[in-house]
Structure formats: structure tokens, C-alpha cells
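The structure appears right after this line, and notes come after that.
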Number of protein chains: 2
Amino acid sequence: MTRSLAALDDLLAATGADAYCIDAGSADSNQLYLSGFDAPDPFFTAYTGEGLAVLVSGLEYGRATKESHADTVARLSTYDYAERAADEGQAAAQSGVYADFLSDLGIESTLVPERFPVGIADGLREAGVAVDVDRDDVIETVRATKTDEELDAVRRATEANEAAMAAAEDLIAAAEVADDGTLVIAEGEEGEAVPLTSERVKEEIEVTLLRHGCALDETIVACGADAADPHDRGSGPLEAGESIVVDIFPREKASKYHSDMTRTFAKGGTSDALVERFDLTEEALSAALDAVEPGATGAEVHAAACDVYEAAGHPTLRSDPDAETGFIHSTGHGVGLDVHEQPGLNPRGEELEPGHVITVEPGLYDPEVGGVRIEDIVIVTEDGSENLTAGYPVELVIE
Amino acid sequence: MTRSLAALDDLLAATGADAYCIDAGSADSNQLYLSGFDAPDPFFTAYTGEGLAVLVSGLEYGRATKESHADTVARLSTYDYAERAADEGQAAAQSGVYADFLSDLGIESTLVPERFPVGIADGLREAGVAVDVDRDDVIETVRATKTDEELDAVRRATEANEAAMAAAEDLIAAAEVADDGTLVIAEGEEGEAVPLTSERVKEEIEVTLLRHGCALDETIVACGADAADPHDRGSGPLEAGESIVVDIFPREKASKYHSDMTRTFAKGGTSDALVERFDLTEEALSAALDAVEPGATGAEVHAAACDVYEAAGHPTLRSDPDAETGFIHSTGHGVGLDVHEQPGLNPRGEELEPGHVITVEPGLYDPEVGGVRIEDIVIVTEDGSENLTAGYPVELVIE
């Protein structure tokens, strides 16, 4: 995957640090982005502006040589890691080996990210390496602006996501309403009706994503009171007339880039209060989408959604920071190697730039009525924005 | 999930530290174990021996109150996080809020794990909190010994894993050998034969795991030269006569506990060299399994496998630390919330105890012949061991 490190080069030049170092596995997206190497266990990366060096176990050496962005690949065994770990313990051996590796590269001072391990930082400092923390997370800032290749990966993940959303919607649409008000489907062992659960819909979503080359982390299929808690993943039988929030955020396996979208459904009639909240949320979505353009700030897009809700008399975190009902989260977030990354559409949201990929996802929550959220994923373009999920209908009631 | 924190209490008493603190999301298994709270974004946990306190965003407050082990749940907004982030920046605000939270709890000194974020550690130290690094990772040590409830979770994940292995084996067994030596299956759009790929077998494994309540991270289905690199996940068409290493390590979604097993298959005849390596690996597996009992060390179990390979003239990392062919990894590792955790079956492996869950997975690798690995998952018991995957056949050639 192509990447641009200009802002990192600028930071190194401005601070005078010899290098930027990361110690993490590729589950840390900054490590994956900087090193280009996908490995589960932590490994050490040093970027000097002139080159990239990685230090890995012997087991990863072959792959690192072939697959990473590194100009230099070194092995722990070159620095007698195993012998030192037996003598000094693993933690001390690790810091000592890293210090020797940096010394070989001529690195006497380094920046590290906020979440660099303190044990290693302390060890490097004891060994005489100056370690300063990059409090602005330059690599996450760099990652916010996507190349065309990265955008293509997000587009593919979005196509898979729409297929999974359609599978979920079809399953809910095929359900019948039982006498007790639960949704049921004819999937019992003898073909009899069994409750349609959150878990069953998630399974359908996840299998569909797998068939489209995407992996899953979590999926939200939350009904009724569950749906009124934005972070509740949902469980148990789905109920007729209640809102069902379906929020899917898959990762394309090959590229590791994500997509993210949400729709809210109801089956078998619904309350006027829910319909009103759905329509208002569609209005907030539209207002926020209209505000997305290069030069606008994430704070302005968030304010556009808050304006709609507050004008209709609903609390937001802007009008009441302790609100537990109403619009109780930010309007969106960047999407890329992480499902939540820069830029944020929140009160502190900074300027949007072409190549940013963001969700726009207003919602209203109240345990008495249920939850509603509608989420599109959008690319900030030179002259406005491109809504990747605009083609997926926004309709509450499905029959 | 029940857990025992006696060793952590002992460490606090021995060091005199007021608390043990973690800042991480639940992807960090120490955080998940200590807090009992499953949340994707980092949150702050302070354990004092007398109680557990967590500090979370408002969005997570309700769930944390209901679902975590915490005696005290506090919100970032109580410490004016948003206002401070706007004034001082997010990193400084975070450390400042954590310092105030610790002050309210009467905590002046804390231990933190090796991988605690250096940015926060530096911030706490500037605020006058003494931060010392626990270089022995006490929580990972505690986690190594499982309760019956944890063992049951591993057993369920193992049952799912055996079902996924059988699905993979069935798919390979159903393949035919094409004229060019690739394996093919009748799955084209018109029912015609198409190549059976590593990706197709992984999809079958992953869908089977989902149907059994397990999530997947990665799966290895590696053939021929790919199989000769123990960390290569495999790709492309499978070939007749070549070894196909299938290594599956699922996580049960509900409990988050893993299982892990490997079998090596070949379809359509195979070389004598491969059969010989397979038989030798089965012998190494048997020798290592025989060595597993309470009081034996991980180093002794590893040595038992090395002995078999070296006696047959194959290099191991014991006989040659830079070996690139032969037995080039450790004999196994603990399995639990992490797929790789304590204890290790390697030259530094310490004493095994009842309740440890370990893999035993010798293997031989050579790009000229292919790779072979056979992996069982085993519980260390009071009087020996229980092999959870003993019922799954160990057979190379499938027809």
C-alpha cells in the first residue's frame, strides 16, 4: 500500500530527533502503516527520514524481508536476545537489544508515540537514548489522508458492507410476527418458527462479510432498549414494532482497511414517536452531509447535526454534557486501518481535507422509545464530498 | 468469568505500591481480565487490592456499571476531560484527569505493566504519581492458571475448532487432482472444476467457526513452500502431493477464550521424504506430550521434542540458533484470552502447574520438502495432562 510520510519527515526535522520508533504488532495501525509489515507479535521499527529499519524474531525475518517497507531488517538473535533474556530477564534483554540496534543505526534520540511501552522507554533512557513522546500522534494524522489505493480498499469494504446490510435486512423482512410480539423465522429443525435473535442476524452479516473477503470484529444488531445504548451490541429475540439498529464495520482482509455503516429498521408497525425520531435523524444526517467539504471543520459538521436535534427540543452533549438520552455521541469519525481514527466530527474536530474518509452518523437514544442511528461513509473530495453509501436506502419500516 | 488475583495482591504488598494500573482497551487481555469490561477504546483501571476502579467515557458508563468487575465506575466528564482537552490538548488532559482520579482514590504510587503507554506514565510522573514498571507481567502470570470456568470456555472453543478442521479436511478430501497437479473442486458457476485455493479452505473454516459461536483472527492454510515458513498464512491453489498445513486458532465470542490446533494433510500421493518427516513429527509430539506434567518445566518439554529431531539428524534452534530449516520454533505456548500467552514451552520455559493450558506443536520445515506441523492443545492436570484434541486423527494422506 502506498503511503506519504512527509508530515513525519517534517516533525523529525523540526524536533531534531534522529528517529521515530514504534514497538507494537500490526494490530497497532501506526505500526502497520509505517512498517508495512503484518505480524501479530510486537516488533520494533525505527524510521529516520532516510530509511526504515525493523528488528524482528528469526521466525518473522523471511516475511519481513519480503513484505515490509523496511530498508534494513535485523534479527533479535544478531543481538543475542535469547542469551540475554536467560541472563537478565526478557524485559531488560529487550530494552538492551533495542538500544544496541539503535546504536548500530547511529540513533541517539527518538520520538515515540503516546502509547509506546513505558517499560521499553525507561530501558532505552537508562541506556542513554533520549526518548521524547510525540503527543500529537503524527502517524495517525498522516493516516487520515488516504491515497487512491487506500480509497479503493475502503470502497471494496463498503461494497461488502452493503451486501451484509442487505442480508440482515432480508432476514428481518422474511420474519413473521408471533402472538407475543417477537419476530420469528421458519428455521427450526422441523421447519417450525423460532425466534429471530440479534445473534442470528449477526451470524448472517458475518458470514456474508466472509464470503466477500472481509473479516469482522464486532457487529451491532440491537433492538428496543438495547438500541437506546449506542455501544450495546444487542442480544436475544428481536421484537416487532421496536427499532433495530444494525451497525456493521467490517475490515477487508487483504488490505486491512475498514468500512462502517448503520441503518435502523422496524418490522410490523411502529410508534409515531419512533417514526418522528427517524425522520429527524434523516434530517440531521442530511444537514451534516451538506456541511462536509474541504476547509469545513469536524466541529462545524457536528454542530450542523446538533442544530437539527436541539431545534426539535432534543438534548445533545452540546446542550447538556451529562445527557443520557438524546444525541449522545459525536457525529462521526475517520475510517481506515482503524475503524475509529482521525479526523473526528466532534466539538474539537479540526479542518477536513480532501482524501479524508469519515462516517456521518447522527442518532437519537431513549430507553422509552428505542434508538435510531443512520450512518453513511463519505470521502472528502476537492470540491465537496462523495457519499459511498448513498445508494443504500434509508427506510425505517420493512415489510 | 471468575478470576484469582492473589499473586497481584502479593506483589502490591511486597512492593508497597498503592495500586496496579492499566490503560488499554479490552483487546489487551490483561485489561479484560483485571477489569472484566469489554470495550474497544482504551480506558483506565486502578486496582488497589481492596477494590477496583475504572474511569470511562460517558458512552461506556452504563455498560461498565453493569458488566465490569469494578467497585467504582467514574466518568471522564466528572474530571472535565472535554474542557481540559480543548484547553491543553488530549494527551495532557488525559494524564491530568488520571492523576486527579488517582488522587481521589488516595493513590500516590502505582505499578504498571511493561506496555503501559509512556505518554501517560510521563504525565502521571510529572503530576507527582510514582510509576514503576512491573517487569514480570504479574497479570499474565496469574492468567496462565485457569479456573474451571475458563477451562470450560477453552473446551468449547476446541469443539468448534475440531468442527472447522473437519470441514477443511472434508473440502480437501473432496478435491480431484487436475492434469497440472493442482487440486480442483466442482464449484464453478456451471458446476465445472475450479482450483481449490488456500483462501477457499480458510473461508470454509471461518464460516464453520462462526456457525459454532467463534470468531476468527487469522487462519493458516499453507501448501508446499508456503508451509515451510511457519508464519506464512498461505495463498493460492493447493497442489497434489504437497503438504498442506492447517493451523486454526479461534476465539469463542462469548467468553473471548481461544483454542489452537494444527494438522498437516496431503492429497494425491506424496514423497517419502514428507512421510518420513510427518512420522518423525508425530514421534516428537508424542515425546513432548509424555513430558507434560505438573512440576516439569516448559524447557524440559521443549527439549523432549528437540531430542527426537536432533537424533534423526534435523537441525533445531537448540543445535543452531540461526537455523532456517528443521525445527525452527518453540514447542508450544499457553492459550487463553490470548492465543499466545504464558507458559512457554521453550528454552526459558518455567515450571508447569495444574490449570495451565498449553499447545504442543512440533514441526519440521524445509522449502525443498514442505512443512509439517502437528499441534494438540493440552490441560496440565494434578496428575499429568489432558489432551483436548487427542480424538482428532493424526493422518497425513487423505483420500
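The values are calculated or read from the model by the stated rules, or taken from the named source; none is laboratory data. On a predicted model such as this, the values are computed, not experimentally measured, just so you know. Note that we place each Cβ from the backbone using ideal geometry, even for glycine, and neighbour counts take in every protein chain shown. The protein model used for the area step is the full one, side chains on, heavy atoms only, and it has no ligands, DNA or RNA in it. Shrake-Rupley method; radii C 1.70, N 1.55, O 1.52, S 1.80 Å.
Please list, ordered by chain and number, the residues whose modelled amide H lies under 5 Å from the amide H of residue A:196; skip anything fewer than 5 residues away on the same chain.
Residues meeting the criterion, in which the H sits 1.01 Å from N, are A:183, A:184, A:185, A:238.
How many angstrom lie between the C-alpha centres of the range A:65-123 and the range A:230-292?
45
Just to confirm the numbers: residue B:170, label point 7 angstrom along the Cα-Cβ line, distances to the other copies in nm, shortest first?
2.3
What are the label-to-label distances in nm, one decimal and shortest first, from residue B:181 to the same spot in the other copies, with labels 7 Å along Cα to Cβ?
Between copies, matching label points for residue B:181 lie 6.7 nm apart.
For the rotation that superimposes chain A on chain B, which residue of A has the C-beta lying nearest to the axis, and at what distance in Å?
A:118, 2
Apply the Karplus parameterisation 6.51 cos²θ - 1.76 cosθ + 1.60, with θ equal to phi minus 60°, to every residue of the range B:297-311 and state each ³J(HN,Hα) to the nearest whole Hz, in sequence, with x for glycine and proline.
9, x, 5, 5, 5, 4, 4, 4, 5, 4, 4, 4, 5, 5, 4
In the range B:74-204, carbon and sulfur make up what percent of the accessible area (probe 1.4 Å)?
Details: 2520 of 5740 Å².
Within the range B:74-204, the accessible surface is 44 percent carbon and sulfur.
Tell me the carbon and sulfur percent of the accessible area for the range A:247-399, rounded to whole percent, probe radius 1.4 Å.
Ligands and nucleic acids excluded, carbon and sulfur reach 46 percent.
So, taking all protein chains as they sit and a 1.4 Å probe, how much accessible area belongs to residue B:47, in Å² rounded to tens?
Roll a 1.4 Å probe over it and residue B:47 shows about 20 Å².
Please find, in a Gaussian network model of chain A (springs between Cα atoms separated by less than 10 Å), the residue of A:185, A:377, A:248 whose mean-square fluctuation is greatest.
A:185
Please work out the FRET efficiency for the pair residue A:218 and residue B:397, using the Cβ-Cβ distance as r and a Förster radius of 41 Å; give the result to the nearest 0.05.
0.55
Count, for each residue of A:70-78, the Cβ atoms from other chains sitting within 10 Å of its Cβ, then give me the mean as a whole number.
So the per-residue partner count for this stretch is 1.
For residue A:211 and residue B:307, FRET efficiency with R0 = 56 Å and r from the beta-carbon atoms, rounded to 0.05? Spell out each step's value before the answer.
On the way: r = 46 Å, r/R0 = 0.82.
Efficiency computed from Cβ-Cβ geometry: 0.75.
Just to be sure I understand the model, the point goes 7 Å from the Cα along the line to the Cβ. What's the resulting residue B:166 to residue B:340 distance in nm?
3.1
Give a residue-ordered list of calculated ³J(HN,Hα) values for the range A:204-210 (Karplus: 6.51 cos²θ - 1.76 cosθ + 1.60, θ = phi - 60°; whole Hz; x for Gly, Pro).
4, 4, 5, 5, 4, 4, 4
Once you average over the residues of B:115-127, how many Cβ atoms of partner chains fall within 10 Å of each Cβ?
6
Counting helices only, and only those DSSP H runs with n ≥ 4, report the 222 nm mean residue ellipticity of chain B as the sum of -39,500 (n - 2.57) divided by its residues, in deg cm²/dmol to the nearest 500.
Theoretical 222 nm ellipticity from helices: -11000 deg cm²/dmol.
For the range B:237-244, in order, what is each residue's ³J(HN,Hα) by Karplus, 6.51 cos²θ - 1.76 cosθ + 1.60 with θ = phi - 60°, in whole Hz (x at glycine and Pro)?
Values per residue, Gly and Pro as x: x, 8, 10, 5, x, 8, 6, 10 Hz.
At 7 angstrom along the Cα-to-beta-carbon line, where would the label on residue A:88 sit relative to the other copies? Give the distances in nm, shortest first.
So the distances to the same position in the other copies read 3.5 nm.
So what's the range B:145-398 giving for Rg/Rh, alpha carbon basis, Kirkwood Rh from the mean inverse pair distance?
Numbers: Rg = 17.8 Å, Rh = 18.2 Å.
Here the Rg-to-Rh quotient is 0.98.
In peptide B:210-222, how many Cβ atoms from other protein chains are near each Cβ within 10 Å, on average?
Neighbouring Cβ atoms belonging to other protein chains average 2 per residue here.
Could you give the length gained by full extension between residue A:350 and residue A:186, i.e. 0.36 nm per residue of separation minus their alpha carbon distance, to one decimal place?
Here the segment from residue A:350 to residue A:186 would lengthen by 54.0 nm.
Rg over Rh of the protein assembly as shown, using C-alpha atoms and the Kirkwood radius, what does it come to?
0.96
If you wrap a convex hull around the Cα atoms of the range A:6-143, how much volume per residue is inside, in Å³?
Spelled out: Cα convex hull of the range A:6-143, divided by residues, is 96 Å³.
Using a probe radius of 1.4 Å on protein heavy atoms only, what is the accessible area buried between chains B and A, both sides summed, to the nearest 100 Å²?
The summed interface area works out to 4500 Å².
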